[in-house]
Amino acid sequence: MKMYSAVFIGGALGALLRYGINMWIQTDQFPAATWLENAAGSLLLGILTGFFMIRAKRPLLSAFIGTGFCGGFTTMSTFSKETVMLLQAQSSLAILYAAVSLTAGIVLALIGVLAGRRIAGTQQRKEMREN
């Protein structure tokens, strides 16, 4: 039951933040809010993944941040809908949006994994020196 609660609370917080960003960043031309949410979510999930590759697993925290928060914050369905809508209006902008979104998501996830591993390794070395 704790795991379900962690996912539920994380998802609610992620969805609320996504909604706030969508209200704050409103553009008619380019779906900047969705791009920002998906890029930031890719980075955060990458950091979490990289960190837990080195450090002891924390399933509850991983469910809260990874599945819950990042799942509620990022949005593949909105990205897909916006790409289709752009394809109908401005096909070159749609292709640019899809390419920039996918590239940023993958690159930021990789940077996140590397950063998370580095953070975990630094903490691990620090704890070893203290003991």
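The values are calculated or read from the model by the stated rules, or taken from the named source; none is laboratory data. Because the structure is predicted, anything quoted here is derived from the model rather than measured. Positions of Cβ are backbone-derived with ideal geometry, glycine not excepted, and every protein chain shown enters the neighbour counts.
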So which residues in region 8-20 are touching a residue at least 60 places away in the same chain (Cβ under 8 Å) and either surrounded by fewer than 16 Cβ atoms within 10 Å (Cβ to Cβ) or more than 15 Å from the chain's Cα centre (by Cα) (or both)?
-> F8, A12
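Yes/no matrix, rows are residues, columns are (1) in contact (Cβ under 8 Å) with a residue 40 or more places away in the chain; (2) out of contact with any Ser or Thr (no Cβ under 9 Å at 6 or more places or on another chain):
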| site | (1), (2) |
| --- | --- |
| N22 | no, no |
| K57 | no, yes |
| T75 | yes, no |
| V84 | no, yes |
Residue satisfying all of: in region 46-100; modelled with pLDDT under 90 and outside any helix (DSSP H, G or I); surrounded by the most Cβ atoms within 10 Å (Cβ to Cβ) among these | R55
Inter-residue pairs, beta-carbon under 6 Å, first farther than 11 Å from F51 by Cβ and in region 105-131, second of a type in the set (A, V, I, L, M, F, W, C), 6+ apart = L108/A39; L108/L43
Test set (1) surrounded by 13 or more Cβ atoms within 10 Å (Cβ to Cβ); (2) assigned to a helix (DSSP H, G or I) - F30 fails condition number | (2)
Among the residues of region 117-131, write down those that are hydrophobic (A, V, I, L, M, F, W, C) and over 25 Å from the mean Cα position of the chain (by Cα).
-> M128
